[in-house]
Amino acid sequence: MTIDQKSSQADQGELEAEVPSSGSSFDPGSAAAGAPSVEIVRTRRRRRADSVWNDFFRKPATVTFLILLVAMVLLSTLGPLFAGDPVATDHPTLTPPSAEYPLGTDQLGRDYLARVLFGGRISLLVGFTVAFLCMTLGLIVGGLAGFFGGIVDAVLVKVAEFFQVIPGIVLALVAAALLGSNFVIIVTILALTMWPGVARIVRAETMRVTQLGYVESARAAGFSSLRILWSDVIPNAMPPVIVATTMTVGRAILVESGLAFLGIGDANRPSWGALLNSAQAYMAAGWWLALFPGLCIFIVVLSVNMLGDSLNDSLNPTIGRVK
Amino acid sequence: MRSAVLHYAKLLLSSVVLLLVVITILFLLLELAPGDPVQTLVGDIPVSDAFRAQITASFGLDKPLLERYLIYVGNVFTGNLGFSFGTDEPVIDLIFSRIGNTLALALPAFVISTTGAIILGSIAARTRKRWLDGLISGTAVAIFSIPNFWLGLMLIMLFSITLGWLPTQGKSSYGQSGIQLQYLILPVLTLASSELAFKTRIMRSSMIEALGGDYIDTARSKGLSPRRVLWQHGLPNALLPMVTVAGYSLGFIFAGSVLVERVFGWPGMGLLFIDAIERQNNMVVLGVVIVITVTILIVNILTDVVYGLVDPRLRARFARPVRSVA
């Protein structure tokens, strides 16, 4: 492993040590023995997966942050159904949080709780959609690049290098400003600037897995390349990819909030970042306006990052070893 | 020696290619953007087609796309970034009048976050799995999860509005020129925070890896104090990945300063950028992105040079590319 490879992994902040060799206990010899041994292997793999999830869910940090995240997701998805109208201005203006208005009201007399709940919808939807798109694109391009090498690989390396050097937010800012800024455009731009991060990890893992014995046996058994990639390589390359995708949710929410804070986003459906943008002018008069949306972003991103971290620990147990 | 020259020539070439790609992407985005610049200039007054054609020709907009692109690229490489829409000031002058203010934020933030991360990350690695490590690592993740600009807002609320210790906006009090220290504190802290957190995590893992090396066992068995083992034997090796990360981080500090300058009303390049975007002053937008890109590329090359200097192993086998593909 070269130093640059190491640092590019460290870049993601999570892949601290060697990636786990999940499934490498597979003995190529037993594959040739026929169908019964395949059954054995399958149960063995399932048992390993069980232990990973057991390990993951048994940690107090996981439980805490999973509850926090689920709570925030439920509040943002179901909350707006029960909260009042986020644009109705028939409340008193700039009232601090009270029993009647748990998060106060804003300068136009809108119920801030409703606004924050509706804002969460947008922020979370952006975060999860972008992460999903990044994972999909990353798996396709990174998988093909790592498995086949050649021109796809060369192009991917260059593109990844490009986005490693040029901060994506600057490009996103320009693109969003020039192309207009509705939900679809924002999500597309964020996904386009963030997918190489995931693709790089997919590529590295795919390259590693491709050299393992069971891929060779699959080739010897005469399976087509795409079939091997789909059923052997990608599943075994998934652990670090899942971690990276989790982290992407947090990063996407952060970048979106930054763009929205600068006034780039759907003005009719303000996300948490957009709420902060309008709150800046009223910081002295209404502290709650700037506090709550930011706190929501913080809680969600922290939960996502913590879950990604502990997922990484469970999937990569080698890190736990202390010399 | 020749391979070293070849290596840096390649690096320079790939940097120029990267810059070209950035310019091309931006140029195409501008072409894709809705709106007609000539119409904007003319306004709502009805004009004859001949007059419209005259304006179009005076800006060279009647030429084909490829020709305009080549002219623009040629101008960029000779230091001409065009003129600001409305005021007709050269974009390059506008940027140079602001870049000093941005550097006044970015450089201290860079120094604080890098040195802080080296110290905190090493301590966390040394006290691994104990409370101090837990505190440092936990705080790092937390700070990394805070939206940078919101942290700035909260700091303003606490230190400026509630306590009244520090000013809220600008770089100096009214009528004063230059930069005053008390105006610098909050923006620099805000800008440094997330980079500090990020680099601390990197430093911690790279130090843990360095401390796992055999030479650490040797140093310990020689009877060296744990402190000397950490700082004299562990640190130099743990610093290597940090060089790359620090190089990249300068780019992200530049990008982050856009948000921070907006929060603190800091008249730097970022604020110029935001103003330009809001007023659709496209030449300025392009110019700022190009200047940021060039700065980042130069830092990148410097990083590579430093890398070669601090790691003798890389100097010895220069035939292999230092920046090997990931």
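So that you can scan it fast, the table gives a plain yes or no per residue for (1) at pLDDT 85 or above; (2) outside any loop (DSSP other than H, G, I, E, B); (3) surrounded by fewer than 16 Cβ atoms within 10 Å (Cβ to Cβ):
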{"residue": "A:Gly138", "(1), (2), (3)": "yes, yes, no"}
{"residue": "A:Gly142", "(1), (2), (3)": "yes, yes, no"}
{"residue": "A:Ala145", "(1), (2), (3)": "yes, yes, no"}
{"residue": "A:Ala154", "(1), (2), (3)": "yes, yes, yes"}
{"residue": "A:Ala177", "(1), (2), (3)": "no, yes, no"}
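Residues that are at the interface with another protein chain (Cβ under 9 Å from one of its Cβ atoms) and closer than 23 Å to A:Met247 by Cα within the stretch A:277-300 comprise A:Pro293, A:Gly294, A:Leu295, A:Ile297, A:Phe298, A:Ile299, A:Val300, listed in sequence order. Looking only at the stretch B:231-244, residues that are crowded, with 23+ Cβ neighbours inside 10 Å and within 7 Å of chain A (Cβ to nearest Cβ) come to 2 in all. Number of residues in the stretch A:79-119 that are in contact with a His (Cβ under 8 Å, 6 or more places away or on another chain) and on the phi > 0 side of the Ramachandran plot: the value is 1. Inspection of the stretch B:55-62 finds no residue satisfying the criterion of being assigned by TED's automatic domain parsing to the domain that holds B:Ala192, surrounded by fewer than 16 Cβ atoms within 10 Å (Cβ to Cβ) and farther than 30 Å from A:Ile185 by Cα. When the stretch A:190-220 is examined, which residues are found to be among the small types (Gly, Ala, Ser) and closer than 20 Å to A:Glu161 by Cα? Passing the criteria: A:Ala191, A:Gly197, A:Ala199, A:Ala204.
Would you mind stating whether B:Glu209 is touching a Gly at 6+ places or on another chain (Cβ under 8 Å), within 11 Å of chain A (Cβ to nearest Cβ) and of a type in the set (Asp, Glu)?
no
Can B:Val305 be described as surrounded by fewer than 21 Cβ atoms within 10 Å (Cβ to Cβ), in a helix (DSSP H, G or I) and out of contact with any Ser or Thr (no Cβ under 8 Å at 6 or more places or on another chain)? Criteria met by B:Val305.
Would the stretch A:234-246 turn up any residue that is within 14 Å of another protein chain (Cβ to nearest Cβ), surrounded by 19 or more Cβ atoms within 10 Å (Cβ to Cβ), assigned to a helix (DSSP H, G or I) and in contact with a Phe, Trp or Tyr (Cβ under 7 Å, 6 or more places away or on another chain)? No, the conditions are met nowhere in the stretch A:234-246. The condition of being away from chain B (no Cβ under 13 Å), surrounded by 19 or more Cβ atoms within 10 Å (Cβ to Cβ) and at pLDDT 85 or above does not hold for A:Val184.
The values are calculated or read from the model by the stated rules, or taken from the named source; none is laboratory data. It should be emphasised that the depicted structure is a prediction, and the values quoted were computed from it without experimental measurement. Note that we place each Cβ from the backbone using ideal geometry, even for glycine, and neighbour counts take in every protein chain shown.
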